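Visitor: Below are the C-alpha cells for one structure; questions will follow.
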Amino acid sequence: MQPEPRNTMAEPLIPDAIATAAIASHSYTDDKIVYPAFAWLRDNMPMGKACLPGYDPFWVVSRHADVMAISRDAKNFINGDHNLILQTQESDAFIRKSNKGKVRSMNSLAYMDHPEHAKYRGITSNWFMAGRVAKLEARMRQIAEESVADLLNRDSECDFVKDFILYYPLRVIMDILGVPPADEPRMLKLTQQLFGGDDPDERRHEIPLGPDAAARAWRATLEDFYDYFRELSRERRSQPRDDLISLIANKRFDDEYIDEDRELDYYIAIATAGHDTTSAASAGGMLGLLRFPEQFQILKNDLSIMPKFIDESIRWSTPIKHFMRSAAFDVEVGGQMIRQNDRLLLSYPSANRDPRVFERPDDFSIMRTPNNHLAFGNGPHMCIGQHLAKLDMRILFDALLPRLRSVELAGEPRLLQSNFISGLKSLPIRFKAQ
Ligand code: HEM
C-alpha cells in the first residue's frame, strides 16, 4: 500500500534560545525571560516547533485564539496517550518503564479523554457548581478571618507567601476533601514536591539530579500520596461523612467501586491543584497591587470591584504554565498543518498576555473588562475548581483589604523554578494595619 501523501507545508522551527526561554523551568524564575520570549513567538511564529536537545519535538502554541481553539476541540486534540506535561525524553522513558509502556503518568481527570473523562468528571461536577460551592461560604469566611488575624499579629512585616497565603486555600480544600487539619503540613509538603521537582528549595533531595529526575520525583511523590489516601478511603467507606473523599470512595459504576488508580488520583488532583494554584494567584494579585499601587487605592476605595480584581490576579499571574495536547488526526490549526500524534504545548501565560485580546497586557489593571483569560483553560477540561478558586480568593481579600491601610515590598519577590505550576515562593511585605 502506498503511504498517504504528506502535506508539505513547512514546519517553522523556533530558534533554540527562544524555545528555551519560553519553556525551560529556570526561565520561569524571571518574568523578564519568559514574557519577551512569548511576545516573540506570538508575533513571529505563533505555531512554531521546538526541537530542543533532550526533548521530543513539540509545537508551542502562544496566541490566545489558538490556545482557545485547541482546548475546545477535544475530538482532534486529546490528552490520554501522551504525557500531559512537558518532560524530557529520559523522564518519559522512565514513566513508560514503570507504567507498562504507557506515558500516561496518572489516571486523574486531566489525563482522560471522552467518554472516560465525562464519566469521571460527572462524579464531582455538580458538587463544584457555583451554587453548591457558595454554600461553603460561611466556613471559608471563618477560615479567612482566622488567617488574616494571624497575619495582622505579625508586627507589620512578613513573607506574604511563606507566612500566610500557602495556608488558607490549603485549609479550605482539605476541609472540603475531608483531610484532618493535623495532616495539612504533610499535604503541603507533598504538593510542593510534586510541582517543585525542578526547584532547588522544593525538590526531593534523595532523588539524584539527572535527565529523568523529574519523573522519578513525580513517581516517588505519588507513591507517598497513595499510601496516605488509601488509608483515608478505607475509613470513609466504612464511615462516610459529608466530604469529597466519602463521595468519591463510595461511588459505584455497575455496582463496582471505581478502580483504585482512578480513585486515588482523583484525590491527588484535588488535593494538589486545589490550593497551590489558588495561593499562587492570590500572591500574584498581591504583587500586582504592590507593583501598581494606584490599583491598591482603586480597590480600597471600592471593594465591590473585588471580582474584577480576582480575575485580573488570575490572568496576570496565570499559575498553570502549560498543558500538552496531542493531535488525534492530521489537522490544521492557526494556519499550520499538525500531524497525527504531534504534541502541542498550550502556553496559558502567553495567551493571557496576547495584545490581540488584552490592551496593555503587561499592566495589572483591575478594571479590565472583559477579561477573557485562559488561566482556567477552556473546553471540556476547563478547570472544575474555578468557582471554588474565585470564591476562595474573594473571601480572603474581602477579609484582608479593609484591614490593610498600606502595604509595600520589603524585599525581592522570588518565583518557583517550574514550567508547569508555579508562582511566587517568596513575597516579603511591610504593611500598616487599620
Ligand atoms: C486560580 C486557581 C486555579 C487555576 C489557575 C486552575 C487552572 C486549571 C487549568 C489551566 C486546568 C486545565 C484546563 C484545560 O485543560 O483546559 C485545570 C483543570 C483542573 N483543575 Fe484547576 N485551577 C485552579 C484551581 C483549582 C481548584 C481550587 C481545584 C479544586 C478542585 C482545581 C481542580 C482542577 C481539576 C480536577 C482539573 C482537571 C479538570 C478536567 O480535566 O476535567 N483547580 N485547572
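Visitor: Does a label point 7 Å from the Cα of Asp30, set along Cα-to-beta-carbon, have any residues of region 401-430 with amide nitrogen under 18 Å, and which are they?
Guide: Within reach of a label on Asp30: 412-419, 423-426.
Visitor: Kindly state, to the nearest 0.05, the FRET efficiency for Lys432 paired with Ser125, given R0 = 51 Å and r defined as their beta-carbon distance.
Guide: Taking R0 as 51 Å, the efficiency between Lys432 and Ser125 is 0.70.
Visitor: Please list log₁₀ I(q)/I(0) at q = 0.06, 0.10 Å⁻¹ for the chain, using the Debye equation with identical point scatterers on the alpha-carbon positions.
Guide: -0.25, -0.70
Visitor: At a 10 angstrom cut-off on C-beta neighbours, averaged per residue, how do the peptides 195-208, 213-226 rank from highest to lowest?
Guide: Descending packing order for the listed peptides: 213-226, 195-208.
Visitor: Nearest 500 deg cm²/dmol is fine: what mean residue ellipticity at 222 nm does the chain get from its DSSP H runs of n ≥ 4 alone, each adding -39,500 (n - 2.57), divided by its residue count? The partial results should precede the final answer.
Guide: Details: 16 runs with 197 residues, N = 434.
The helix-only estimate for the chain comes to -14000 deg cm²/dmol at 222 nm.
Visitor: Please work out the Cα convex hull volume for region 4-109 and give it in Å³ per residue.
Guide: 154 Å³
Visitor: So, with +1 on the Cβ of K and R and -1 on the Cβ of D and E, and no other charges, what is the size of the charge dipole of the chain about its Cα centre, to the nearest 20 debye?
Guide: 580 debye
Visitor: Also, quick follow-up: Taking a point 7 angstrom from the Cα of Ala93 along the C-beta vector, which residues in region 37-67 have backbone N less than 12 Å away?
Guide: 54-56
Visitor: How much net charge surrounds Phe364 when only other residues with a Cβ under 14 Å from its Cβ are counted (Lys, Arg +1; Asp, Glu -1)?
Guide: Within the 14 Å Cβ shell, the charges total -1.
Visitor: Still on this model: Is any residue of region 265-295 close enough, with backbone N under 19 Å, to a label point placed 7 angstrom from the Cα of Asp227 along the Cα-Cβ axis, and if so, which?
Guide: Only 265, 267-269, 272 pass the distance filter.
Taken together, the values in this text are just the output of simple stated rules run on the coordinates, not laboratory data. Since the model is a prediction, treat every value here as computed from it, not as a measurement. For neighbour counting, all protein chains shown are included, and Cβ atoms are generated from backbone atoms with ideal geometry for every residue, glycine included.
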